[in-house]
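The values are calculated or read from the model by the stated rules, or taken from the named source; none is laboratory data. If you're wondering where the values come from, they're calculated on a predicted model, not measured in any experiment. Cβ: placed from backbone, ideal geometry, glycine included. Neighbour counts: every protein chain shown. Note: accessible area is taken over every heavy atom of the protein model, side chains too, but ligands, DNA and RNA are not part of it. Shrake-Rupley method; radii C 1.70, N 1.55, O 1.52, S 1.80 Å.
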Amino acid sequence: MTQYKRTKMLEIIWRLRAKVLNDEAELRALIAAVVALPGMNATHYDLNRKGQWRRYELTHTVVDALTQRTQLLVMHDQGVEDERTRPQAMIALGKHGEQPTVIVRVPDTPGAARQMIERWDGLYEAIELESTFITSAARRIALTDAGLDLPAISGALAMGWAPGSIPSGLRRLERAKYECTPIAVDKLSTHWRVDFGLAPVDGAEIAPGTPYSAALSDLNERLLQG
């Protein structure tokens, strides 16, 4: 627990609708969006975890990812020596039938998560996203310490889905259940968004029987419905 609190990292997960990332313009837009994330300073990249780090430059990275039989592209800030706090991005291109996915870890600095969420409209317009997630170890620990078993939520601070990918359970939710909680469910032009509240939470706030706890449990069940 102490280690997670000390490192304070955010994890961002993007899942894409494309079957494979093999279009130059699409991959360029995706990588550009990744390196523009708050705290994501990419200095070097590696292909297929070979440990052959090359200095990051957008065009060179895109070309290498498309021509070197690349299944996994990793980018990081080589200037940060501690791996626990080093910004890093991994892009699975979907060349073995898996869903193309991006996983990014950046420092959990004040305002970073909010800044990311406020950019989601433009992100869904620029990239063929199916879903977006922002999670934090601190939130995951808080839920666990409160005795909440919420596998569909885990440490999520916010989740978003493209209109065609919205979990069916969310379409039937009763908004009145969330009025006395920090949770906001918004239907926007480019995506649906669940904001779980970004402020740190304590055990009393999410203890079983509280409105916040009941709302989280309700959302967890709806997300499990698919």
* How many residues does segment 45-90 contain that are within 22 Å of residue 23 (Cα to Cα), of a type outside the set (Asp, Glu) and open to solvent by less than 20 Å² (accessible area, probe 1.4 Å)? -> 10
* To do: Search segment 78-95 for residues being closer than 18 Å to residue 30 by Cα and of a type outside the set (Val, Ile, Thr), and hand back the single one that is modelled with the lowest pLDDT.
  => 95
* Structure fact -> If you go through 226, 160, 155, 169, the only one that is surrounded by 18 or more Cβ atoms within 10 Å (Cβ to Cβ) and under 22 Å from residue 17 (Cβ atoms) is 160
* Asked: Within the set of pairs 6 or more residues apart or between chains, which connect a residue that is under 13 Å from residue 62 (Cβ atoms) inside segment 24-47 to a residue that is among the small types (Gly, Ala, Ser) and not in a loop (DSSP other than H, G, I, E, B) with Cβ atoms less than 6 Å apart?
  -> 29/126; 34/89
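Considering only residues that are surrounded by fewer than 19 Cβ atoms within 10 Å (Cβ to Cβ) and either among the acidic types (Asp, Glu) or closer than 23 Å to residue 101 by Cα (or both), which ones fall in segment 138-151? Full working, then the answer.
Step one: list which residues in segment 138-151 are surrounded by fewer than 19 Cβ atoms within 10 Å (Cβ to Cβ), which gives 140-142, 144-145, 147-149, 151.
140, 145, 149, 151, listed by residue number.
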* Return the residue satisfying two criteria in turn: it lies in segment 144-188 and is among the polar types (S, T, N, Q) and out of contact with any strand residue (DSSP E or B) (no Cβ under 8 Å at 6 or more places or on another chain), and of such residues it is farthest from residue 13 (Cα to Cα). => 181
* Residues 139, 105: which one is within 16 Å of the chain's Cα centre (by Cα) and part of a strand (DSSP E or B)? -> 105
* What number of residues in segment 114-136 are under 15 Å from residue 36 (Cβ atoms), part of a helix (DSSP H, G or I) and open to solvent by 10 Å² or more (accessible area, probe 1.4 Å)? -> 8
* Taking the condition in contact with a Leu (Cβ under 6 Å, 6 or more places away or on another chain) and among the aliphatic types (A, V, I, L, M), does residue 219 pass? -> no
